[in-house]
Amino acid sequence: MNKEQLLREIPSIDRLLQREETQNIIKKSSLELVTHLLRMIINDYRNRVLNQNDSKIIPLSEQQVIMMLKKKIRQFIEMNLKQVINGTGTVLHTNLGRAVFSEEMKEEFWKILSNYSNLEMDLTTGKRGSRYSHLVEKIKFLTGAEDALVVNNNAAAVLLALSSIAKGKEVIVSRGELVEIGGAFRIPDVMEQSGAVLVDVGTTNKTHLWDYKDRIREETGALLKVHTSNYKIVGFTKEVSLEELVDLSKEKGLPVIEDLGSGVLINLEDYGLTHEPTVQESVKAGADIITFSGDKLLGGPQAGIIIGKKLWIDKMKKNPLTRAFRVDKMTVSALEIILSYYLQEESITEKILSLAMLTASYDTLVKKAKCLKSVIEEQCKNSIVVTTRKDYSQVGGGSLPLEKLKTEVVVIDFQNTAISTVEKLLRQAQIPIIPRVYKNTLILDPRTINERDFEYIATTLKNIIID
Ligand SMILES: *Cc1c(COP(=O)(O)O)cnc(C)c1O
């Protein structure tokens, strides 16, 4: 059939709407939605006919349209954002939502969301309060900073800090620190947006204190230090420490801004990980302003936390960008709960789920892997080969890129089924399972998998094998 004939054969929307099956679907949803989806289906088909020189395209029957409509309406009504099982072992997986919360938080968090709250009311005076007030004292206590402010994310925090402190002025930053973070966050672009002028000094691998010193002049507004959290320059390198920069800035009467990236509040060394500069260390070193993320190593909701000297924070509060970047009550509540866990020291690594996952001991992971293996074997019998072996998981979220967290993974060899097919079917399961794939085997890292999902994983694998 030629294109003209195919196009002429397309069923009319009016006729489709009159069909009994369509009427039944409308009763369960709405005429508007059904019409919208029918138009979508017909437009897709029309475009396919027009754009393809495929003689295999067959005429579209009313029955086919109804079938597609039923599928589309199911997809449309069910939530598109859904729970997935993270089998990759990458704890702060940016594509899978970074930090996750513990069950523990549920009650408190939901109470705030399903009721009115004192978000912006001072209960002592009855007057208008600040949404930041719920967080400021806790952040000050935990970090040792003079004052604090919280915005939408760390990218916004850096932009707000630069715009408030150095708009129209020059900001000096080391060439080795002009980082790009995923999602188009690049220091030079953020700088440009803020209205500050980037002055990069030194070279990619080496920057000396005199590089900064030589470039300071009348037009200089601040010195910026960026924690290169997602890569490492190794070998013949030289970086100026925050302490040295602070000394220089004091001498010259300039503020130092530090973009700390991840922003960890606990000493990771205590848990057998590599030392990551803590927020408290930066405060002690004397940085005027420090910014960091809420949903990286801190383990909380997406947020940008800004701490530092009151003088600068006050300036930021007056910047209209603060209103544009403000956090909503979901963030304020989740962040306050997470911060309160940091105040209850012994339970930090239990209640903050991403820290629990990061610091899980190898012994625990071996036990978990063995358990997952036997649950899978139980259900799948002898149709696949399941083993466990030592491997490494990653921190993720652009944090500690070189850190190799020892883990025990479950390795599944499907023998007769192509691994790409298995991977796709797992991804499209009712609760999608995201594994790692290595050399034609499927790898599940128990570090990021909850034990309560083991049975579901096994059943899903079984169904894939049978199909
Ligand atoms: C992650 C990161 C950012 C961006 O933080 P978001 O909270 O994702 O906006 C900025 N700077 C550095 C150094 C980072 O590591």
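The values are calculated or read from the model by the stated rules, or taken from the named source; none is laboratory data. All values derive from a computational prediction rather than experimental measurement. Heads up, the Cβs are rebuilt from the backbone with ideal geometry, glycines too, and the neighbour counts pull from every protein chain shown. Protein only, heavy atoms only, side chains kept; ligands, DNA and RNA dropped before computing areas. Shrake-Rupley method; radii C 1.70, N 1.55, O 1.52, S 1.80 Å.
Around residue 118, under 13 Å between beta carbons, what's the net of Lys plus Arg minus Asp minus Glu among the other residues? Spell out each step's value before the answer.
Working: positive: 111, 127, 128, 131, 329; negative: 120, 122, 336.
Overall, the nearby charge balance is +2.
Compute, for residue 198, the solvent-accessible surface of its heavy atoms (probe 1.4 Å) with the complete set of protein chains present, and express it in square angstrom to the nearest 10.
Rounded to the nearest 10, that gives 50 Å².
Under a point spin-label approximation (7 Å from Cα along Cα-to-Cβ), what is the residue 241-residue 330 distance to one decimal in nm?
Each label point is offset 7 Å from its Cα along the Cβ direction, giving 4.2 nm.
Ratio of segment 3-77's C-alpha Rg to 2.2 N^0.38 Å, to two decimals?
On the way: Rg = 12.7 Å, N = 75, 2.2 N^0.38 = 11.3 Å.
Segment 3-77 yields a ratio of 1.12.
Over every pair of different alpha-carbon atoms in segment 39-102, take the mean of 1/r and invert it; report that Kirkwood radius in Å.
Values: mean 1/r = 0.0644 Å⁻¹.
That comes to 15.5 Å for segment 39-102.
Round to a whole angstrom and tell me the spacing of the C-alpha centers of segment 1-80 and segment 383-458.
Rounded to whole Å, the Cα centres lie 38 Å apart.
Once the Cβ-Cβ distance between residue 1 and residue 40 is put in as r, and R0 is 35 Å, what FRET efficiency do you end up with, to the nearest 0.05? Let's see the in-between values first.
Numbers: r = 23 Å, r/R0 = 0.66.
Rounded to the nearest 0.05, the efficiency is 0.90.
Compute, for residue 236, the solvent-accessible surface of its heavy atoms (probe 1.4 Å) with the complete set of protein chains present, and express it in square angstrom to the nearest 10.
150
Within the set of other residues whose C-beta is less than 13 Å from the C-beta of residue 362, count the net charge using Lys and Arg as +1 and Asp and Glu as -1. List each step's numbers first, then the result.
Working: positive: 367, 368, 370, 389, 390, 404, 406, 447; negative: 363, 391, 408, 445.
Summing Lys/Arg as +1 and Asp/Glu as -1 gives +4.
Could you please put 341, 362 in sequence from largest to smallest accessible area, using a 1.4 Å probe?
362, 341
In nm, to one decimal, how far is the residue 110 label point from the residue 421 one, both placed 7 Å along Cα→Cβ?
So the label points at residue 110 and residue 421 sit 4.2 nm apart.
Give the Cα extents of segment 177-247 along the principal axes, in whole Å, largest first.
34, 33, 19
Please compute, for the alpha-carbon atoms of segment 103-349, the extent along each of the three principal axes and give them in descending order in Å.
56, 42, 33
In Å and on Cα atoms, what radius of gyration and Dmax does segment 364-405 show?
According to the Cα coordinates of segment 364-405, Rg and Dmax are 14.1, 40 Å.
Give me the extension gain from residue 21 to residue 64: residue separation times 0.36 nm, minus the current Cα-Cα distance, reported in nm with one decimal.
Working: separation 43, 0.36 × 43 = 15.48 nm, distance 1.22 nm.
Difference between extended and current length: 14.3 nm.
Under 20 Å between alpha carbons, and skipping anything fewer than 8 positions from residue 111 in its own chain: which lysines qualify?
Once the sequence-local lysines are set aside, what remains near residue 111 is 329, 351.
Within straight cross-link reach of residue 27, meaning Cα distance under 25 Å, which lysines are found once same-chain residues fewer than 8 apart are removed?
70, 71, 72
Translational diffusion coefficient, Stokes-Einstein: compute it for segment 325-467 using the Kirkwood radius over C-alpha pairs as Rh, at 10 °C and 1.306 mPa s, and state it as an integer in µm² s⁻¹.
In µm²/s, the coefficient is 94.
Check each of the GluC sites (Glu not before Pro) in segment 307-408 and keep only those in coil by DSSP with at most 16 other C-beta atoms within 10 angstrom; list them in order.
Hits after loop and neighbour filter: 403.
Beyond 44 Å, what share of the Cα-Cα pairs of the chain remains, rounded to the nearest whole percent? Provide the component values of the computation, followed by the final result.
Values: 34403 of 108811 pairs.
The calculated P(r) of the chain puts 32 percent of pairs beyond 44 Å.
Using all alpha carbons of segment 5-140, what is the percent of pairwise distances in each 10 Å bin, ordered from the shortest bin to the longest?
Histogramming segment 5-140 at 10 Å steps yields 9, 23, 17, 17, 17, 12, 5, 0 percent.
Run the 1.4 Å probe and let me know the accessible area of residue 363, rounded to the nearest 10 Å².
110
In Å², and per residue, what accessible area does segment 103-349 have when probed at 1.4 Å with the other protein chains present?
On the way: 11760 Å² over 247 residues.
Each residue of segment 103-349 exposes 48 Å² on average to a 1.4 Å probe.
Running Debye on segment 207-314 with equal point scatterers at the Cα sites and no solvent, what base-10 log of I(q)/I(0) appears at q = 0.15, 0.23 Å⁻¹?
Results for segment 207-314 at q = 0.15, 0.23 Å⁻¹ read -0.70, -1.34.
Stokes-Einstein diffusion coefficient for segment 394-467 at 10 °C in a medium of 1.306 mPa s, Rh from the Kirkwood formula over Cα pairs: what value in µm²/s? Each step should come with its number before you reach the end.
On the way: Rh = 13.5 Å.
Value of D from the Cα-based Kirkwood radius: 118 µm²/s.
Under a plain spin-label model, where a point goes 7 Å from the Cα along Cα-to-Cβ, how far apart in nm are residue 73 and residue 167?
In this crude label model, residue 73 to residue 167 measures out at 5.3 nm.
Using 0.36 nm per residue of separation minus the Cα-Cα distance, give me the extension gain between residue 438 and residue 219 in nm, one decimal. Walk me through the numbers before you get to the answer.
Details: separation 219, 0.36 × 219 = 78.84 nm, distance 5.35 nm.
Gain on extension, residue 438 to residue 219, equals 73.5 nm.
Within the chain, what whole-number % of the accessible surface is contributed by carbon and sulfur, with the 1.4 Å probe and all protein chains included in the calculation?
Values: 12310 of 24470 Å².
Reported share for carbon and sulfur atoms: 50 percent.
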